[in-house]
1. Being under 21 Å from residue 446 (Cα atoms) and of a type in the set (A, V, I, L, M) is the filter; apply it to segment 379-393 and report the residue that is farthest from the ligand (Cβ to nearest atom).
2. May I ask you to say which residue of 269, 227, 234 is without any contact (Cβ under 8 Å) to a residue 40 or more places away in the chain and acidic (Asp, Glu)?
3. Which residue, of 2, 75, 14, is within 16 Å of the ligand (Cβ to nearest atom) and closer than 30 Å to residue 389 by Cα?
4. In this structure, is residue 396 assigned to a strand (DSSP E or B) and either over 22 Å from residue 326 (Cβ atoms) or within 16 Å of the ligand (Cβ to nearest atom) (or both)?
5. Determine whether segment 335-346 contains at least one residue that is within 16 Å of the ligand (Cβ to nearest atom), modelled with pLDDT of 95 or more and assigned to a loop (DSSP other than H, G, I, E, B).
6. For segment 308-322, does any single residue satisfy the condition of being within 16 Å of the ligand (Cβ to nearest atom), surrounded by fewer than 21 Cβ atoms within 10 Å (Cβ to Cβ) and either at pLDDT below 95 or over 26 Å from residue 234 (Cα atoms) (or both)?
7. Which of the numbered conditions does residue 128 fail, given that it passes all the others? Conditions: (1) surrounded by fewer than 19 Cβ atoms within 10 Å (Cβ to Cβ); (2) free of Cβ contacts under 8 Å to residues at least 40 places away in the same chain; (3) not in a loop (DSSP other than H, G, I, E, B).
8. Given the options 297, 247, 273, name the one that is exposed (fewer than 15 other Cβ atoms within 10 Å of the Cβ), closer than 20 Å to residue 168 by Cβ, among the hydroxyl-bearing types (Ser, Thr, Tyr) and in contact with a helix residue (DSSP H, G or I) (Cβ under 9 Å, 6 or more places away or on another chain).
Amino acid sequence: MTIFQFPKDFRWGTATASYQIEGAAQEGGRGVSIWDTFARTPGKVFNGDNGDVACDSYHRYEEDIELMKKLGINTYRFSIAWPRIIPDGDGEINREGLDFYHRFVDKLLEAGIEPFCTLYHWDLPQTLEDDGGWGNRRTVDAFVKYAEVIFKEFSGKINFWLTFNEPWCIAFLSNLLGIHAPGNRDLQTSINVAHGLLVAHGKAVQSFRRLGITGQIGIAPNVCWAEPYSKSPEDQAACDRSIALNTDWFLDPIYKGSYPQFMVDWFAEAGATVPIQEGDMEIISQPIDLLGINYYTMGLNRFNPEAGVLQSEEVDMGLTKTDIGWPIESRGLYEFMHYLQKYGNVDVYITENGACINDDLNNGKINDDRRISYYEQHLAQIHRIINDGINLKGYMAWSLMDNFEWAEGYRMRFGLIHVDYRSLVRTPKESFYWYQNVIKNNWLETRS
Ligand code: GCO
């Protein structure tokens with residue numbers, strides 16, 4: 001047994017996203033999002049599941065906040081559904097939507113829990129997608145308008161802001177691989193989307209400063225750490241491309257004002273270019289205050305001309321996997337946090353980290369021991385990272401509760417709290433009590 005003590009002001013939290021938990025898809029004046037459409041398209045989501053009801057958190061948020069209090073978290077990361085605020089993307093503002101989030105945020109504050117708000121966790125109003133989505137500047141301007149509405153409404157209540165969750169997923173998983181909404185499979189489209197969302201990010205940060213909004217703002221990329229299968233330059237380069245597409249492709253423009261040239265050249269070979277307009281790179285490279293990092297797994301990569309646009313193939317390392325098939329390797333988080341130092345020792349929050357473990361109720365209990373082990377390993381690395389002098393300020397476990405896992409529907413469970421999707425009853429898992437103890441002590445006590 002070892003005890004890892006965390007800094008006094010460390011933020012302990014959990015994370016969720018609107019479409020994954022809220023439900024009430026046709027209530028409160030909410031408009032249609034690309035996920036409503038995608039989930040209704042046959043073959044896109046496992047079992048034909050959708051977010052119409054999800055965890056019903058729109059109605060049960062008070063119960064959820066009670067559970068957060070019980071867990072003891074001091075920070076809660078959630079996202080606002082744009083179609084609840086501006087149902088058709090850039091038209092009328094829906095007061096009912098704003099009121100819902102006011103009630104919610106007020107309850108959080110009453111409970112002593114700091115709200116950590118994501119503006120965009122993938123539920124784009126469908127009307128904007130119909131008009132070209134993130135590749136069209138109309139969406140960029142609409143996002144800035146939406147962001148400004150939220151900034152003005154919640155300034156003074158919310159102190160932590162993220163513009164976008166996982167830009168790689170928004171651009172490439174959704175528009176190159178076609179796995180997430182809107183399901184396009186086109187390299188040029190995905191590059192247009194990536195660029196559009198970066199401009200939207202930069203413009204939103206400019207508005208944030210101009211309006212004098214409270215708190216700090218940043219963005220939350222998902223990280224893929226990869227190591228080369230061999231020392232050959234081909235394998236090393238394939239590995240660099242994999243890492244760069246998740247992080248450098250987005251963070252170089254933000255921190256350096258330019259795209260990584262080796263990737264620009266790679267895409268040019270494949271026939272795609274970045275649609276940069278005059279002034280874009282200055283807008284994108286607005287200084288930000290914090291970075292959210294979502295980390296789940298790492299890979300071992302090698303060059304394979306057949307392996308997609310990047311020609312980078314992931315090799316099975318023979319590691320234990322979570323139930324969604326992702327290898328468990330906490331070391332990647334440690335390595336990545338050091339890699340990130342090339343942008344300076346910026347303030348970082350782990351805005352997502354967690355394991356899909358599908359253990360179910362057994363005699364009224366969920367004994368998700370494998371999830372506890374996962375958290376234990378990753379928190380030990382976080383302690384190491386902090387000891388190395390890196391400004392890692394907080395940790396948000398994904399997820400507070402089981403929820404709609406995108407293309408996997410409800411079959412993949414990431415929660416500290418079990419949700420019975422028929423009765424909507426919430427049952428804390430063993431990992432919930434384990435995490436509660438970590439937070440209470442402000443230390444991690446390893447079990448072995
Ligand atoms: C993502 C999202 C979350 C997921 C989680 C587990 O990373 O895809 O931010 O919404 O549910 O990561 O896959």
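1. My answer is 386.
2. On the way: 227 fails: without any contact (Cβ under 8 Å) to a residue 40 or more places away in the chain; 234 fails: without any contact (Cβ under 8 Å) to a residue 40 or more places away in the chain.
Going through 269, 227, 234 in turn, the sole match is 269.
3. Numbers: 2 fails: within 16 Å of the ligand (Cβ to nearest atom); 75 fails: within 16 Å of the ligand (Cβ to nearest atom).
Result: 14 is the single residue among 2, 75, 14 that is within 16 Å of the ligand (Cβ to nearest atom) and closer than 30 Å to residue 389 by Cα.
4. Numbers: assigned to a strand (DSSP E or B): yes; either over 22 Å from residue 326 (Cβ atoms) or within 16 Å of the ligand (Cβ to nearest atom) (or both): yes.
Here the answer is yes, as residue 396 does meet what is asked.
5. Step one: of segment 335-346, the residues within 16 Å of the ligand (Cβ to nearest atom) are 336.
With the extra rule that they be modelled with pLDDT of 95 or more, the set shrinks to 336.
Cutting the leftovers down to assigned to a loop (DSSP other than H, G, I, E, B) gives us none.
Looking for residues that are within 16 Å of the ligand (Cβ to nearest atom), modelled with pLDDT of 95 or more and assigned to a loop (DSSP other than H, G, I, E, B), one finds none in segment 335-346, hence no.
6. At the first step, the residues of segment 308-322 found to be within 16 Å of the ligand (Cβ to nearest atom) are 321-322.
Narrowing the set further to residues that are surrounded by fewer than 21 Cβ atoms within 10 Å (Cβ to Cβ) leaves 321-322.
Imposing the further condition that a residue be either at pLDDT below 95 or over 26 Å from residue 234 (Cα atoms) (or both) reduces the set to 321-322.
Looking for residues that are within 16 Å of the ligand (Cβ to nearest atom), surrounded by fewer than 21 Cβ atoms within 10 Å (Cβ to Cβ) and either at pLDDT below 95 or over 26 Å from residue 234 (Cα atoms) (or both), one finds at least one in segment 308-322, hence yes.
7. The number of the failed condition is (1).
8. Numbers: 297 fails: exposed (fewer than 15 other Cβ atoms within 10 Å of the Cβ); 247 fails: exposed (fewer than 15 other Cβ atoms within 10 Å of the Cβ).
Only one candidate qualifies: 273.
The values are calculated or read from the model by the stated rules, or taken from the named source; none is laboratory data. These numbers were taken from a predicted model, which means no experiment stands behind them. Note that each Cβ is placed from the backbone with ideal geometry, even for glycine, and that neighbours are counted across all protein chains shown.
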